[in-house]
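Asks: Below are the structure tokens for one structure; questions will follow.
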Amino acid sequence: MTTARVLYVSAIVAASAVAVGTASALVTSSNPGYVDAFAQGRITRTVDGIRLSLSVPRSGWENGPHIHVKGKWRTLGLYVSKSIFGPQDADVVLLWTAFPKGGLATPCAGLVKPTGRSAADLAEAMSRAPGVKVVEGPKGVTIGGRPAWHTILSVRRDRGCDPGYFFTWESEMGGAFWNHTLAGYTIEVWVVDVRGKRLVFEAETKGGSGDHEVAKMVDSIRFG
């Protein structure tokens, strides 16, 4: 992407920050639609037919990814991300999808092979994926009043797929984009079973910054 294009996309995102009050949009896997560039306040998404909502801090988080469609920049509702140390290229991202299918992100082929169909089985399989080291977990937690499993991983070798190590999706260099996962990054995964469907919330950070806001967002998740 040229410097002019990057500046142009940044201008669009900055302008959206002025126009947006509380970002609230419904996004489904069959009809993804488009959402506001900036995310703040209570936002709503639908993943594999499951409606969920969460509260996003008013501190510069963006919806994403931004993609180029028929000559225009559009924003999908797969994740929220934030550039902490400068414009473009996000430093932290929180995404939501379903496993093995049903979300806007697709699991990397052959990377995760759960031995069973439970949320615990999936969390355990992700913690044993090649290229990552377990920092904590998997352990039982609660998300939105439902039992869930949480694990923290450190990327030792880039053995996953991009952009999200465990998941891939359409991505371009626009806004606070997340285009790859490298050695040294930290991955947090929450897996929750909602009406027989395994939903995955995956946070990635380049360092420790932003972790406290991610935890607050996950704590705020509600279903239905």
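The values are calculated or read from the model by the stated rules, or taken from the named source; none is laboratory data. Just so we're clear, the structure is a prediction, and the values are computed from it rather than from any experiment. Every residue, glycine as well, gets a Cβ built from its backbone with ideal geometry; the counts of neighbours run over all protein chains shown.
Asks: What is the residue count in region 102-132 for residues that are of a type in the set (Ser, Thr, Tyr) and within 13 Å of Lys197 (Cα to Cα)? Let's see the steps before the verdict.
Replies: At the first step, the residues of region 102-132 found to be of a type in the set (Ser, Thr, Tyr) are 106, 115, 118, 127.
The next check asks that each one be within 13 Å of Lys197 (Cα to Cα); those that pass are 118.
Adding up the residues that qualify gives 1.
Asks: Return yes or no: is Thr97 under 19 Å from Arg45 (Cβ atoms) and among the hydroxyl-bearing types (Ser, Thr, Tyr)?
Replies: yes
Asks: Sort out which residues of region 170-219 are in contact (Cβ under 8 Å) with a residue 60 or more places away in the chain, closer than 24 Å to Lys101 by Cα and part of a loop (DSSP other than H, G, I, E, B), and write them in order of number.
Replies: Glu170, Ser171, Glu172, Phe177, Trp178, Asn179, Arg195
Asks: Then there is this: Quick check, is Thr142 of a type in the set (Val, Ile, Thr), in a strand (DSSP E or B), surrounded by fewer than 18 Cβ atoms within 10 Å (Cβ to Cβ) and at pLDDT 95 or above?
Replies: yes
Asks: Another one. Just wondering, is there one or more residues in region 149-164 that are part of a loop (DSSP other than H, G, I, E, B), within 15 Å of the chain's Cα centre (by Cα) and surrounded by fewer than 19 Cβ atoms within 10 Å (Cβ to Cβ)?
Replies: yes
Asks: Could you tell me whether region 177-193 includes any residue that is over 20 Å from Asn63 (Cα atoms), modelled with pLDDT of 95 or more and over 17 Å from the mean Cα position of the chain (by Cα)?
Replies: yes
Asks: Which residue out of Pro114, Pro65 is assigned to a strand (DSSP E or B) and buried (at least 16 other Cβ atoms within 10 Å of the Cβ)?
Replies: Details: Pro114 fails: assigned to a strand (DSSP E or B).
It is Pro65.
Asks: Name the pairs whose Cβ atoms lie under 7 Å apart, with the first residue in region 105-134 and on the phi < 0 side of the Ramachandran plot and in contact (Cβ under 8 Å) with a residue 12 or more places away in the chain, the second surrounded by fewer than 17 Cβ atoms within 10 Å (Cβ to Cβ) and basic (Lys, Arg), and 6 or more positions between them or separate chains?
Replies: Close Cβ pairs (under 7 Å, with a partner that is surrounded by fewer than 17 Cβ atoms within 10 Å (Cβ to Cβ) and basic (Lys, Arg)) amount to Ala125/Lys113; Pro130/Arg159; Val132/Arg156; Lys133/Arg156.
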